[in-house]
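Any read-out appearing in this document is the output of simple, stated calculations on the displayed coordinates, not a laboratory observation. Every value quoted in this text rests on a predicted model; they were computed, and no experiment measured them. All Cβ positions, even for glycine, are placed from backbone atoms using ideal geometry, and neighbour counts span all protein chains on display.
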Amino acid sequence: MRLTQKEFSQLADELKRLFNKDPAAAVVRARRVVEESAGDGNALLLAAGILVDAGKTARDLRAVEQGVEHLQLLFAAHSDQLSIGYDVANGLMARANLQWADSSDWYVQTLEDRAQARCLYARVATSEAVDAGLRAEAHTNLAVTLADAYRFSEAYDHYSLALQLDPFNGVARVNAAHLLLRFAKRNLPSAETMIAVAVHHLKVAKENPARIKELVSEWDFKKLAESFYQDFPDLEMPNLSNATPFQHFVAEHRLFLADSIEGLDLSLERWDVLVPDGISDGLEALMGPPPLFAMFNTLKSDYLAARHVAFQALYEHVPESGSYSDTEDRAQYGVVSGLMTLGQRACLDILDKIAVLTHEYLKLAGDPNRIYFVTTWFERTKDKRITKWKSAIDDEVKQGNTALIALSELARDIQDGGYLELKRTIRHASTHRFAVLHDGDPAITRKSPYIEHYSRADFADHLIGSLQTARAAIHYVGEMIGRHETIHDDGSPKQRFMLRIADSAIYPWN
């Protein structure tokens, strides 16, 4: 029997009060609603959401599983209702988190639930059919899942996207601040800038507590509000008033390569200073500099070239000497389109090079001509199902090299069914087939399986996103090297990188 609007409102209020007072009691009541809700999809949706949220708070895994089951059935029947997909994602994450064990095996055991949740969050966050508030929440929750997997650069990017959509989303601001403060503890040269941005986030959140209460339960609000009771230092936010257009581009999208997440230091002539501190090389050091030096330099070079190409294509006037046939579909041919596809392709090529670097550095088995980012990290069954990390990766993770968790989960998200799959698909399209960009949405009357068509505006977003993904991956591989060196430090001297400046002067990096 379907509830009237008044009855539904009363039920919603009852369940909310129960949840805030006694989550376990809310679970019991929600189960009863499920039993009585035959034919009433709205009541079932309400009860399923309570089973997830209250079950998570009460640490009742069975309740969460029941909620997820009902939500998945509802979403299968109403796949256009992305708000239900958002609820499914929340349920999958709650189920994964309630299975937490203080072991690295948890990451593999819950990988598919968390990967599916990221897909759903990303689908909601990027849909123009969804209101800005829910899109911001989806970006925020996606960021939380990434941070849980040590993917801090990507997490901060999604917190930033959430705040573009909803500047008063205090959950995104507090979490972003915590992430920055975590990095600032390393006492890096950029620490003060990160602290300044973190303080700004916390102040805005503290001034808008009502908005936070709209987004989370009373239980979660109390946890977030703990951040408000600390002294905030009086620091100035980064000033970009005198920045060049290129510096604005790099700063706005956080595309610099330094051991920091936020804050471009304009006082430096060169801000892309990310390098591993040094590596142990044993007797092989007598044969010359380790290959890792050349590999990491090349990764940086390729990334900086891709970033430069992207800036040229998106913001600078590029001379055009070609004339092209009119294909009558508003396609945009020429140097700019070529630079955009080249830049995006270069970003994804960097990932395969990171896999090669990892094989060399960790001495993994494999043919150098057949090493790919998506196949480097996990063992798979014949049907390509992931079962565990490869032995050498597993050993390193169990010793505390969390950067390998970040890299392996990034690889999962780029493969088929991952939330970053489209980036890899676009790369393949422009490499092995043809990628054509259009002014506005492509309206193709004569289609070809050899051509992929994209809106230029959408492709520009994908290009910036691909730059951010490549930047994050380089961060993670740098972190992997640093952690490996710490784990296996036997006190022997390390080979250290040298910074070579354009005028040929050489300075030691200590």
Per the C-alpha gyration tensor (a ≥ b ≥ c, the square roots of its eigenvalues), the range 24-113 is rounded if a/c is under 1.5, else prolate if a/b beats b/c, else oblate; here it's oblate
Taking Cα atoms, the helix 170-184 axis meets the longest principal axis of the chain at an angle in degrees (rounded to 10) of 40 degrees
One would report the Cα pair-distance distribution of the range 399-488, bin width 10 Å, in %, as 15, 35, 27, 14, 7, 2, 0
The range 398-436 and the range 155-223 have their Cα centres apart by a whole-number Å value of 28 Å
Thr469 neighbourhood, Cβ < 15 Å, K/R = +1, D/E = -1, net charge +2
Taking Cα atoms only, Rg over Rh for the range 268-349 with Rh from the Kirkwood formula is 1.20
Of all trypsin sites (Lys or Arg not before Pro) in the range 429-493, the ones in DSSP coil with at most 11 other Cβ atoms within 10 Å are Arg446, Lys447
Summing +1 per Lys or Arg and -1 per Asp or Glu among the other residues with Cβ less than 13 Å from Leu134's Cβ gives -4
Among Lys300/Lys447; Lys390/Lys423; Lys6/Lys222; Lys6/Lys213, the pairs whose Cα-Cα distance exceeds 28 Å are Lys300/Lys447; Lys6/Lys222
Low-density loop GluC sites (Glu not before Pro), the range 2-105, at most 13 other Cβ within 10 Å, DSSP non-H/G/I/E/B, are none
The distance between the Cα centres of the range 1-67 and the range 228-247, in whole Å, is 44 Å
Here the net charge surrounding Arg330, from other residues whose Cβ is less than 11 Å away from its Cβ (Lys, Arg +1; Asp, Glu -1), is -4
Contour minus Cα-Cα span, Tyr450 to Asp102, at 0.36 nm per residue, comes to 120.5 nm
In nm², the average projected area of the convex hull spanned by the Cα atoms of the range 132-191 is 3.8 nm²
A student asked for the Cα radius of gyration and Dmax of the range 132-239 in angstrom ought to give 13.2, 38
Output for the range 407-481: chymotrypsin sites (Phe, Trp or Tyr not before Pro) sitting in coil per DSSP, at most 16 other Cβ within 10 Å, listed by number, reads Tyr450
P(r) of the chain over all Cα-Cα pairs, 10 Å bins starting at 0, rounded to whole percent, reads 4, 16, 26, 26, 18, 8, 2, 0, 0
proj_area_mean for the range 209-285 (convex hull on C-alpha atoms), units nm², value 10.5 nm²
The Cα radius of gyration of the range 274-510, divided by 2.2 N^0.38 Å with N its residue count, comes to 1.17
